[in-house]
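The block underneath contains the structure these notes are about, expressed in structure tokens.
Nothing in this text is a laboratory measurement; each read-out follows from the coordinates by a stated rule. Everything quoted here is computed from the prediction, not taken from an experiment. For neighbour counting, all protein chains shown are included, and Cβ atoms are generated from backbone atoms with ideal geometry for every residue, glycine included.
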Amino acid sequence: MKTKRQIIKIDEAKCDGCGNCVTGCYEGALQLIDGKARLVSDLLCDGLGACMGECPRGAIKIEEREAVPYDERKVMEGMVKQGPNTIKAHLKHLKDHAQKNFLKQAFAYLKEHNIPNPMEGEMKKEHEPCGCPGGQTLDFRSPCGGEEETAGPAAKSQLKQWPVQLHLASPMAPYFEKADVVLAADCTAYAYGSFHNDFIKGKALVIACPKLDDGREIYVEKVQALIEDAKINTLTVVTMEVPCCNGLLSIVKEAAAAANRKVPVKLVVISIQGGIKSEEWA
């Protein structure tokens, strides 16, 4: 039975058949056929788009269409045949994208078939209360032990999550859900001295450079997913006054226009000398 969900789409005109996406898809949903990457099974595509980062031509994007549901148990059957390293890579992929339900299904499959779970020890460490930060998920909002003290005169960081680069961030990460989100041009935090306290305190952050980053379509889709799927509360776009930064607002406007729900968008422009040049709701 098909259902409407997110799934990858390959632009054959852009695809040069390098095969990077095929080796990067541990689920086995992609194959090279007649010199082009093809999605050979909707069943095996989780729609998270990890393969997009492997494509040097920007030929892969995420679309929403009718497709059979992703089957984690079917994927695990293929993982087992490929060995423990592939299993671990797949489990890490699910963990990094905050796919708790799929991860739970994968663990259950391994347990049912008496197959060692290569991430069992790592997951236990992450769930130890107030454990070592290096072993915990990178969601710094946890009240575990209160606020960390900063030694010396350094200002306290207000960053509550990782990663922050838009290509690496997953819109389905828990810290984006119903959050106030800041989308900032890379240079803004260097130009504006109080960036942490004035912009990201109590908010989730993603950063991008509309001039130097590849994959504009991917950015549009991710911002749209933040609006539609994460159901963010507000979106603040922080740019520099230079013309190339206008592309970031353009990305947001395109994503907002395509989204089925609306979200308030504020535009803040930082001057090259570090002041706030303008601030308005877009």
Over 27 Å (Cα to Cα) among Lys4/Lys201; Lys9/Lys231; Lys104/Lys178 -> Lys4/Lys201
Pairs over 32 Å Cα to Cα, from Lys81/Lys211; Lys95/Lys277; Lys100/Lys203, come to Lys81/Lys211; Lys95/Lys277
Among (1) 1.02; (2) 1.05; (3) 0.99, the value of Rg/Rh (Cα atoms, Kirkwood Rh) computed for this structure carries the label (3)
Amide H neighbours of Val182 at under 5 Å, excluding residues fewer than 5 places away on the same chain, with H built from the backbone geometry, are Ala204, Leu205, Val206, Thr236
Partner aspartates and glutamates whose C-alpha sits under 19 Å from that of Lys2, ignoring same-chain residues fewer than 8 away, are Asp42, Asp46, Glu63, Glu64, Glu66, Asp71, Glu72
Per GNM of the chain with C-alpha springs under 10 angstrom, the most fluctuating residue out of Gly17, Gly193, Gly49 is Gly193
Going from the fewest other Cβ atoms within 10 Å to the most, one would list Phe195, Phe107 as Phe107, Phe195
The long-range amide H neighbours of Leu267, using H built 1.01 Å from N in the peptide plane and a cut-off of under 5 Å, are Val237, Glu280, Trp281, Ala282
Which of Ala189, Ala257, Ala169 fluctuates most in a GNM of the chain (C-alpha springs under 10 Å)? That residue is Ala257
